[in-house]
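Taking it in order: structure first as structure tokens, then the write-up.
The values are calculated or read from the model by the stated rules, or taken from the named source; none is laboratory data. Everything numeric in this text was worked out from a predicted model, so none of it was measured. All Cβ positions, glycine included, derive from the backbone under ideal geometry; neighbour counts span all protein chains shown.
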Amino acid sequence: MLSACIEDGPKNTILVLSQIDFVDSSGLGALVQLVKQAQTLGGKVQIVTNARVTQTVKLVRLEKFLSLQPSVEVALENIQSAS
């Protein structure tokens, strides 16, 4: 479903995961696929997380690739500055 939004939707997307308490390897794999898909289409995905999700992503050293952001406002600024 998110894949279709990336393909059909706007060039850049903000994915808000701040209410998620846990992400496993399947979730990380899905996020990596979404970011790669957006990059292929010339877009970006900014992912808003909380401390728990950020900690998990940092364990596998994907925080920069996944463009983790602390808030929607920061994610919006990053998208606007990239345009």
Out of all the residues in segment 30-38, is one or more assigned to a helix (DSSP H, G or I) and in contact with an Asp or Glu (Cβ under 8 Å, 6 or more places away or on another chain)? yes
Selection over segment 7-51 where residues are out of contact with any Leu (no Cβ under 9 Å at 6 or more places or on another chain), over 18 Å from Lys64 (Cα atoms) and not acidic (Asp, Glu) yields a count of 7
Picking from Gly42, Gly27, Gly9, the residue that is of a type in the set (Gly, Ala, Ser) and at pLDDT below 90 would be Gly9
Just to be sure I understand, how many residues within segment 35-53 are touching a residue at least 12 places away in the same chain (Cβ under 8 Å) and surrounded by fewer than 19 Cβ atoms within 10 Å (Cβ to Cβ)? 7
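Please pick out the residue among Ile79, Ile20 that is out of contact with any Pro (no Cβ under 8 Å at 6 or more places or on another chain), in contact (Cβ under 8 Å) with a residue 60 or more places away in the chain and not hydroxyl-bearing (Ser, Thr, Tyr). So that I can check it myself, show each step before the final result.
Numbers: Ile20 fails: in contact (Cβ under 8 Å) with a residue 60 or more places away in the chain.
None of the other options fit; the residue is Ile79.
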